[in-house]
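Written out below as structure tokens is the structure these notes cover.
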Amino acid sequence: MRYGTQVEQALRRAIIADEVAVHFQPIVDLIDGSIQGFEALARWTDRELGFVSPAVFIPLAEERGFIDSLTETLLKKAAETAKHWPSDMFLSFNLSSAQLIDPATGFNMLAIINRVGLDPRRLELEITETAMMSDPEIAAKVIDELHTIGIRVSLDDFGTGQSSLGRLREFAFNKLKIDRSFISEITVDKSSEHIVRAILMMCEGLNLKVIAEGIETEEQAEMLRSLGCRSGQGWHYGKAVDSAETFRLIEAQQAAQFGSRSAYIVTP
Ligand code: C2E
Ligand code: MG
Ligand code: MG
Ligand code: MG
């Protein structure tokens, strides 16, 4: 059997058996390290295939036409965890390209989080430029609809793919995520530093918030702070963790802020 077909069958089974999990990577304030929110990342380990990357199974689910049911399970799980976080923390969730050409996406996303009970104002949806490219007109409508509902929209992996600055003018994004490829070079390659500096200046003018992706070292974090970047995520601050661990991280942070008797404990 072809690997793709084997993965597809295993994935269909896993969705039905509820074996695809969601993990959460903290997004932090680069000045004091406090958690601002988490990005949901799909995780799946098959008994026979072992760990399969979402970079493999998400495109496969799109191609084979079952991304909607997969997204529904993932968003539902993510929202069930997120609704128990302190109310000033957001959930960032990746939208796939198929969802950007579906005019019903806004409605569908809202229906899922309403059922769970997560305030739409705490949800951010990440989209990539490549995903928007297949039908920019419908994508623009989907984005407008999300704004109307109160869901924020972030531009993911900025600087890769078919980047166009015009897109920043045409589409109403709330945030821009600088791709990891720039951050990993920022302390060793002057041109990456200049590009990040320029992106930060541009975003300030455009009133866009910025998140630096893939911060792996304190040197990179320090460089980003010196350039005026406020938010970031990456292994230096933490890899994606399971739902229960998000609450331990939040409690540890609250204990550090308020002393050992924390002002309020969050447990689902
Ligand atoms: P992404 O949205 O750009 O997510 C960031 C990726 O970078 C994640 O890979 C994350 O684990 C990884 N990462 C975070 N910090 C670091 C770091 O410091 N160093 C390095 N080397 N990597 C870091 P992951 O989890 O393998 O996901 C890959 C891609 O799959 C995501 O890229 C996203 O496009 C897609 N994806 C993941 N989960 C979902 C989902 O639930 N729905 C959809 N539609 N796409 C998803
Ligand atoms: Mg993302
Ligand atoms: Mg990204
Ligand atoms: Mg990516």
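Computed about the Cα centre, the dipole magnitude for the chain is approximately 480 debye when only Lys and Arg (+1) and Asp and Glu (-1) carry charge, each at its Cβ.
Set the bar at 23 Å for Cα to Cα. Now go through 141/177; 76/209; 83/175 and name every pair that lies beyond it. In this structure, 76/209 exceed 23 Å between Cα atoms.
For the options 122, 180, 197, a Gaussian network treatment of the chain with springs between C-alpha atoms closer than 10 Å singles out 197 as fluctuating the most. Relative contact order, whole percent, for the chain stands at 19, derived from Cα pairs under 8 Å and 6 or more residues apart. Once the Cβ-Cβ distance between residue 207 and residue 1 is put in as r, and R0 is 41 Å, what FRET efficiency do you end up with, to the nearest 0.05? Computed FRET efficiency for residue 207 and residue 1: 0.20.
A protection proxy built from the mean count of other Cβ atoms within 10 Å ranks the segments 91-97, 53-59, most packed first, as 91-97, 53-59. Farthest toward the positive end of the dipole of the stretch 1-244, out of 94, 203, 166, is the Cα of 94, where the dipole comes from beta carbon charges about the Cα centre. Among 139, 111, 82, the largest mean-square fluctuation in a Gaussian network model of the chain, built with springs joining Cα atoms closer than 10 Å, belongs to 111.
Protein heavy-atom accessible surface, 1.4 Å probe, per residue over the chain: 49 Å². Working ranking of peptides 20-30, 232-242 by packing, defined as the average number of other Cβ atoms within 10 Å per residue, highest first, is 20-30, 232-242.
Consider a paramagnetic label point 7 Å from the Cα of residue 165 along Cα→Cβ; state which residues of the stretch 177-218 have an amide N under 14 Å from it. 195-206, by backbone N distance to the label point.
For the chain, the mean residue ellipticity at 222 nm estimated from helices alone is -14000 deg cm²/dmol, where every DSSP H run of n ≥ 4 contributes -39500 (n - 2.57) and the total is divided by all residues, rounded to the nearest 500. Applied to the stretch 110-115, the Karplus parametrisation 6.51 cos²θ - 1.76 cosθ + 1.60 on θ = phi - 60° returns per-residue 3J(HN,Hα) values of 5, 4, 5, 6, 5, 4 Hz, with x for Gly and Pro.
For the chain, set up a Gaussian network in which alpha carbons nearer than 10 Å are linked by springs, and say which option among 17, 104, 61 fluctuates the most. Evaluated over the chain, the most mobile residue of the options is 17. As a fraction of the 1.4 Å probe accessible area of the stretch 1-153, surface on carbon and sulfur atoms comes out at 52 percent. Need one word for the chain: rounded, prolate or oblate. Basis is the Cα gyration tensor (sqrt eigenvalues a ≥ b ≥ c); a/c below 1.5 gives rounded, then a/b vs b/c decides. Rounded shape, in that the Cα axes give a/c under 1.5. Annotation: amide H-H contacts under 5 Å for residue 238 (H modelled 1.01 Å from N, sequence separation of 5 or more, or interchain): none.
The values are calculated or read from the model by the stated rules, or taken from the named source; none is laboratory data. Because the structure is predicted, anything quoted here is derived from the model rather than measured. Here the Cβ is made from the backbone with ideal geometry for all residues, glycine too, and neighbour counts use every protein chain on show. Heads up: the accessible areas ignore ligands, DNA and RNA and are worked out on the full protein's heavy atoms, side chains in. Shrake-Rupley method; radii C 1.70, N 1.55, O 1.52, S 1.80 Å.
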